[in-house]
Amino acid sequence: MVFTLSVASSLKSRAFLYSELAKFARAGFGIDKACESIIGQPGSDRTAREICGAILKGTRAGKSMADSLADSRYPVSSLEVAMVDAAERGGKLETGFRHLAEHFRQDAEARRRIRRALIYPLFLLHFALLVGIGITALLQTVGAGLTGTGSGDWRDSVYPALIWVGVGYAVAIAFITLWRSLSKSAEHSAPIDALIQKVPLAGPVRRSRSLARFCEVLHIYLLSGQRMDLAWKRAGEASQSGQLRRYALASAKKLGAGESVGDVVADARGALPGDLVRGLASADLAGALDQETDQWAGYYRDASAESVERLAEWAPKLFYWLVLGIAAWMIIRVALSYSDILRDIVNMGG
């Protein structure tokens, strides 16, 4: 998994922004005053200015905060819209903003850990390529000078190697682009989402994060005293999981028709883990769904952090094997070039 610096910067900015909004909400500031203060802070970044500006523009036009975010020209996620909508409806702005701050903080930390873990193997890869291509070109040039055979131009050796390096970069870029495209499609497609969740290391991260988002949004809607079918639907949309989204939209209709949460989760069919199904069913009977969803949100946040830990540990190891393979290939090329020089020298002596 590769993440750009701009993405990481945006996540950190969002985490800081929602943390600040939570502070202002806890202190009793109105949203207009809070947004004006953040925009006026020295050194406030573009993300904070754009999001706060969208909220100010929308609320002053009579819109809700959630609608203001949804209509913003600056890209915001379905999670942000759903969380702010729930918090605004129930007067739980501090809790909603705190959930969002923690979500983006964890996301930024995950990307930072993975990116840092890949720096050293990436350095080794490029060092191996540089040394291998350089030594091979040097040997072939020296060999041509000693024996008078072959090309004495180092470019005849370097250019084909650079072409293969370019092909490797193209394949890597294509893979990253495909992964990002599939990840985006998986937010609405259940089959693609199920496929990605089966990918070793990366799949558990996606699964845990989706479940954490589902439980967080469901929790804040329940605290806000909203209808269960609306809470269920919005939680599914905010999960950014095609599987959860499809299940939540279908089951929200059943909840609206009067079925209980216990009956609905019993028909989850893999969209929800068994432990979560049993926990929600028993909490529904006990009238403690708000506490249960809060506990499960914390559990899946921790599970996501553990999954990221494993990914950050194993991704460099897997990359090391790739680097070793390329290094072995470069050593073989150097050995073959040296062997050619010796053979040409022997043939000249004969």
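Quick notes on this one:
- Hey, ARG301 modelled with pLDDT under 75, closer than 30 Å to ALA117 by Cβ and not aliphatic (A, V, I, L, M) or not: no
- Any pair with Cβ under 6 angstrom, 6 or more apart, that starts in region 75-97 at a residue that is surrounded by fewer than 21 Cβ atoms within 10 Å (Cβ to Cβ) and ends at one that is acidic (Asp, Glu): SER78/GLU237
- Flag for ARG73 being farther than 26 Å from LEU244 by Cβ and in a loop (DSSP other than H, G, I, E, B): yes
- Filter result for the condition that a residue is out of contact with any strand residue (DSSP E or B) (no Cβ under 8 Å at 6 or more places or on another chain) and either surrounded by fewer than 16 Cβ atoms within 10 Å (Cβ to Cβ) or among the basic types (Lys, Arg) (or both), over GLY58, GLY30: GLY30
- Boolean, LEU324 is over 23 Å from the mean Cα position of the chain (by Cα) and modelled with pLDDT of 80 or more: no
- Scanning region 255-267 for residues that are surrounded by fewer than 18 Cβ atoms within 10 Å (Cβ to Cβ) and without any contact (Cβ under 8 Å) to a residue 24 or more places away in the chain turns up ALA257, GLY258, GLU259, GLY262, ASP263, ALA266, ASP267.
- Pair list, Cβ < 8 Å and 6+ apart or interchain, from region 24-37 residues that are in the same structural domain as ILE55 (by TED's automatic domain parsing) to residues that are assigned to a loop (DSSP other than H, G, I, E, B): SER37/PHE29
- Some residue of region 50-61 being modelled with pLDDT of 85 or more and assigned to a loop (DSSP other than H, G, I, E, B): yes
Quick grid of which residues meet (1) surrounded by 15 or more Cβ atoms within 10 Å (Cβ to Cβ); (2) more than 22 Å from ALA303 (Cβ to Cβ); (3) under 16 Å from the mean Cα position of the chain (by Cα):
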site	(1), (2), (3)
TYR159	no, yes, no
ALA186	yes, no, yes
GLY203	yes, no, yes
ILE220	yes, no, no
SER224	yes, yes, no
ARG234	yes, yes, no
GLY242	yes, no, yes
TYR247	yes, no, no
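The values are calculated or read from the model by the stated rules, or taken from the named source; none is laboratory data. Values in this document were obtained by computation on a predicted structure and should not be read as measured data. Cβ sites come from the backbone with ideal geometry, for glycine too, and all protein chains shown count toward neighbours.
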